[in-house]
Amino acid sequence: MSITLIIIVITVIISLMAWNNYSLMDRWIMNPYDITKKGQYYRLVTSGFLHADWSHLLFNMMSLYFFGGFIEQVFDLLFGSSGPLYLIGFYIVAIIVSDIPTLLKHRNDRNYNSLGASGGVSAILFAAILFRPLTPIYLFFIPIGIPGFIFGALYLTYSYYEARRGLGAVNHDAHFYGALFGVLFMIIVYPPVLPQFFDQIASWRLF
């Protein structure tokens, strides 16, 4: 079984367990106050395997499934037999890094909670876009595919704007910083990806 599928299975199992066990959800959710005041740093990781409901879980896991396999291949080429370990580390670190701005912003708010794999999934998605910027990405409500680099630009702009507004229950900061982490990590470990990215974009034509 691929690493992507293993992550998906584990995430689904943990989310289902938490839906049926509120005490587990309460112990593992990302609560910035408990992390900073009580030193419960494990929440930065465990919260990435929890989800609010089926739609939240399915959206994240479908996105991970569609792009995770390609990134697995990239990591195998870059790191050889150690690729799977690097991929697991990349995914977990992405979840942690994506939550740090939220942790700092809400560290004194007892009632703020956040959960979901969005930070790790965004890192996987944007790593894939960096290597294949012209690959079309399909959204449920748009019948045609959007080139990855255009989708990525719109996604980052929207996430940044909504994070600054601070409205709603979605942690847009996690989306934004998870995506940035994915891009920066791949540029650091494989610098040629950046000029290759721009070369591919330069060849794109709308018609």
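The values are calculated or read from the model by the stated rules, or taken from the named source; none is laboratory data. The model shown is predicted, which means the values in this text are computed figures rather than measured ones. Neighbour counts run over all protein chains shown; Cβ positions are idealised from the backbone, glycine included.
Things to note:
- Subset of the range 163-187 that is of a type in the set (A, V, I, L, M) and assigned to a loop (DSSP other than H, G, I, E, B) - its residue that is surrounded by the most Cβ atoms within 10 Å (Cβ to Cβ): V170
- Filtered residue count, the range 36-46, keeping only those that are polar (S, T, N, Q), touching a helix residue (DSSP H, G or I) at 6+ places or on another chain (Cβ under 6 Å) and part of a helix (DSSP H, G or I): 1
- Any pair with Cβ under 8 angstrom, 6 or more apart, that starts in the range 59-83 at a residue that is closer than 18 Å to V193 by Cα and outside any helix (DSSP H, G or I) and ends at one that is acidic (D, E) and modelled with pLDDT of 95 or more: none
- Scanning the range 16-35 for residues that are hydrophobic (A, V, I, L, M, F, W, C) and not in a helix (DSSP H, G or I) returns I29, M30.
- The residues listed here are F66, F75, F59; of these, the one that is in contact with a Phe, Trp or Tyr (Cβ under 8 Å, 6 or more places away or on another chain) and closer than 20 Å to A127 by Cα is F75.
- Scan of the range 36-77 for residues that are exposed (fewer than 14 other Cβ atoms within 10 Å of the Cβ) and not polar (S, T, N, Q), ordered by number: K37, K38, G39, Y41, Y42, D53, W54, L58, M62, L77
- Within the range 100-147, the only residue that satisfies the criterion of being within 25 Å of L24 (Cβ to Cβ) and in a strand (DSSP E or B) is S114.
- Scanning the range 133-149 for residues that are surrounded by 18 or more Cβ atoms within 10 Å (Cβ to Cβ), more than 17 Å from the chain's Cα centre (by Cα) and over 23 Å from L58 (Cα atoms) yields a count of 1.
- Members of the range 77-100 found to be among the small types (G, A, S) and closer than 21 Å to G116 by Cα, listed by number: G89, A94, S98
- The set of residues in the range 149-162 being without any contact (Cβ under 8 Å) to a residue 40 or more places away in the chain and among the hydrophobic types (A, V, I, L, M, F, W, C) consists of I150, F151, A153, L154, L156.
- Filter result for Y112 (buried (at least 16 other Cβ atoms within 10 Å of the Cβ) and out of contact with any Pro (no Cβ under 8 Å at 6 or more places or on another chain)): no
- Whichever residue in the range 18-35 is touching a helix residue (DSSP H, G or I) at 6+ places or on another chain (Cβ under 6 Å) and over 16 Å from Y112 (Cα atoms) and, among such residues, is surrounded by the most Cβ atoms within 10 Å (Cβ to Cβ): A18
- Taken as a whole, the range 92-108 holds no residue that is at positive phi and either in contact (Cβ under 8 Å) with a residue 24 or more places away in the chain or in contact with a helix residue (DSSP H, G or I) (Cβ under 7 Å, 6 or more places away or on another chain) (or both).
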